[in-house]
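Readers should treat all values here as calculations from the given coordinates under stated rules, not as data from a laboratory. Just so you know, these numbers come straight off a predicted model, no measurement behind them. Heads up, the Cβs are rebuilt from the backbone with ideal geometry, glycines too, and the neighbour counts pull from every protein chain shown.
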Amino acid sequence: MSKITKSYKNLTNAQMMDWERLAEHAAGQSVFGQAAKLSGMNLYVRLNANRAMAGETLLHDAPMFTVAVPNVCM
């Protein structure tokens, strides 16, 4: 996990800002089970730690955040 944390510091400012924006839409949980806000770095590490455990490469660019909009039929 330290390798992933260190790799965050090598991102560009634009990449870090994209992770921060994505983290605004992500939910975290404290050790007490309460809702907690994630930082961009926390989200980067969490997502990439899961990818590393699955044998996937690290994501340096934040994934696109899309909001599901329901279809309304009239």
When only DSSP loop residues count, what trypsin sites (Lys or Arg not before Pro) in the stretch 21-62 have their Cβ near at most 14 other Cβ atoms within 10 Å? Lys37
Towards the positive end of the charge dipole of the chain, with charges on Cβ (+1 Lys, Arg; -1 Asp, Glu), say which of Met64, Ala23, Tyr44 has the farthest Cα. Tyr44
With Rg from the Cα atoms and Rh as the Kirkwood inverse mean 1/r over Cα pairs, the chain has an Rg/Rh of 1.07
Can you show me the helix-derived [θ] at 222 nm for the chain, built from DSSP H runs with n ≥ 4 at -39,500 (n - 2.57) apiece and divided by the number of residues, rounded to the nearest 500. -13000 deg cm²/dmol
The long-range amide H neighbours of Gly28, using H built 1.01 Å from N in the peptide plane and a cut-off of under 5 Å, are Ala36, Leu38
Tilt, helix 13-23 to longest principal axis of the chain (alpha-carbon atoms), in degrees rounded to tens, equals 50 degrees
